[in-house]
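Take a look at the structure below.
None of the figures in this text is laboratory data; all of them are computed from the coordinates on show. This one's a predicted model, so the numbers in the text were calculated from it and none came from an experiment. Cβ placement follows ideal geometry from the backbone for every residue including glycine, while neighbour counts extend to all protein chains displayed.
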Amino acid sequence: MNKVLLGLLLGAVLGAFDGATAWFTPAVRAQLAGIIVGSTIKGVIAGVAAGVFARKVNSVPLGILFGLGVGFVLAFLVAYMQHGYYLEIILPGSIVGMIVGYATQRYGMAAATSR
Amino acid sequence: MRHLSDKAIKRLREGSEIPGLHGTRYRLLGEVARGGMGVVYAAEDEQLQRRVALKVLDMLDGEAELADRLMREARVLAQLEHPGIVPVHEVGTLADGRVFYAMKFVEGQRLDQYLDSVASVPDRLRLFLRVCDAVAFAHTRGVLHRDLKPANVMVGLFGEVLVMDWGLAKILATADDVDVATRDAHDANHDNMNGAAVVTGHGRVMGTPGYMSPEQARGEVDTLDVRSDIFSLGALLRFVAGQKSRRMERALEAICDKACSAERVGRYSTVPDLAVDVSRYLDGLAVEAYRENMLERAGRFYRRYRFFILLIATYLLVRVTLALFYRHPD
């Protein structure tokens, strides 16, 4: 599995899971489906970005940092659009970014080099 | 009549041992090591202006059998063109009648000395794998080393690993089972540059205690196969991984035990099989030599994916903490 596909799948799974945890916040439970879809898309974007980054840069610390940055920015945008829940969205969203950043650096096949 | 002193006799002896290199392209630089039947000198190849090592037979009275063996050792080495095996440049006879061969001069340290500066077990195992590469290559050419031990492995200045001293090598492929042994009973009185090579009985038992296989120690020369070298590699692995009384992990210990099994059938069949198991150990995978229980399997899984698991755990912890203890201001 290549790094971009790995990032996409892992981002989707973690994003969906992250969205599903909104169930623990009773105030938003009614919009759970929408939150899960939105969070999945956010995870996919972060995962693909981390995968592309991992193909270009071979460094675990930089990959984690990049994932953290992308996760933070995307989560911030979502929280900004929600007008609230900054801590509940940004903190876990940033960690999800770190996870996909690490995973795409450490695992998955690098793109084949062409002559 | 005056008698010569011991000191004078020693000097005369040393003088007579210095090989006469006139008429050759080499200029002697100094003695490097003394082996079972020959002395290795550093020399300069004046034509190519490079340093080489010359292995010269130290018998002035010219024992034909020893000369023949040195020639055969050079021929064996010449067949083994591999980055992990020291290349031979030339073989010939000096003006004083002594047979010699010239090979690459390897600057570096013996493995046993080099390991003092390598603390990490994975790094040590990677060195061992490169020894396996060279030995496996020799086996594909039908050559057994028969004297693998730390002193016979050199690590060069740039980290290159070279398997040295093929003086006991045995060619498996030929019909007459040519024995390229370079030591026999005659050599018992010589200092050995690599430690205590054992010579007993009719000169058929050759090798180093602790590193030679039981069948080699019994002198079963005719039936030796690659598994004899695998035994030596197992002992070498134990030395490399367990030096300075490090506590070896069970999987690694099991690999050593399997390679050093007293019965040939219990050992790995080929050197690549051994190398694959060591590589699997390095990669944190299960090894063929050791059947682990569930707890050990879980521990290995955790070690392999430690950081990833810790990240996931951190995420879950954050989520649970937020769900349980954080109440949104709304």
Counted charge near A:A110, where neighbours are those whose Cβ lies closer than 12 Å (Asp, Glu -1; Lys, Arg +1) = +4
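Average partner chain C-beta neighbours within 10 Å, per residue of B:308-318? Don't skip to the end; give the middle numbers.
Working: counts 5, 0, 1, 10, 5, 0, 4, 12, 4, 1, 6.
Taking all residues of B:308-318 together, the mean is 4.
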Cα-Cα pairs of the range A:3-106 separated by more than 24 Å (percent) | 18
Under 11 Å from the 7 Å Cα→Cβ point of B:R304, by amide nitrogen: which residues of the range B:267-286?
-> B:280-286
Two-site label geometry, B:K7 and A:V13: point separation in nm, points 7 Å out along Cα→Cβ | 8.1
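Among the listed pairs B:K7/B:K55; B:K170/B:K258; B:K149/B:K170, which are separated by more than 20 Å between their Cα atoms? Can you show the working numbers first?
Working: B:K7/B:K55 26 Å; B:K170/B:K258 23 Å; B:K149/B:K170 16 Å.
Cα-Cα > 20 Å for B:K7/B:K55; B:K170/B:K258; rest within.
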Separation in nanometres of the label points that stand 7 Å from Cα toward Cβ, at B:E220 and A:M1 | 5.0
Along the range B:296-302, what does the Karplus equation 6.51 cos²θ - 1.76 cosθ + 1.60 (θ = phi - 60°) give for ³J(HN,Hα), rounded to whole Hz, x for Gly and Pro?
-> 5, 5, 5, x, 5, 4, 5
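Normalising by the residue count of the range A:3-106, find the relative contact order in percent from Cα pairs under 8 Å and 6+ residues apart. Let's see the in-between values first.
Numbers: 196 pairs, mean separation 35.5, N = 104.
For the range A:3-106, the relative contact order is 34 percent.
What does the charge count around B:M164 come to, taking other residues whose C-beta lies under 10 Å from its C-beta (Lys +1, Arg +1, Asp -1, Glu -1)? Walk me through the numbers before you get to the answer.
On the way: positive: B:R110; negative: B:D147, B:D165.
Charge balance in the 10 Å sphere: -1.
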Long-range amide H partners of B:D96 with built H, under 5 Å | B:G20
When chain A is treated as a GNM, springs tying every alpha-carbon pair under 10 Å, which of A:L14, A:L68, A:L32 comes out with the largest mean-square fluctuation?
-> A:L32
Rounded to the nearest 0.05, what FRET efficiency is calculated for A:R29 and B:D116 with R0 set to 56 Å and r the Cβ-Cβ distance?
-> 0.30
Computed ³J(HN,Hα) along the range B:137-147: with the Karplus parameters 6.51/-1.76/1.60, θ = phi - 60°, integer Hz and x for glycine or proline, the list is 4, 4, 5, 5, 9, x, 10, 9, 7, 6, 9
At what distance in nm do the modelled label points of A:Y80 and B:R27 sit from each other, each positioned 7 Å from its Cα along Cα→Cβ?
-> 7.6
Sorted by average packing, counted as other Cβ atoms within 10 angstrom per residue and highest first, what order do B:123-131, A:43-51 take?
-> A:43-51, B:123-131
For peptide A:86-99, the mean count of other chain Cβ atoms within 10 Å per residue Cβ is 3
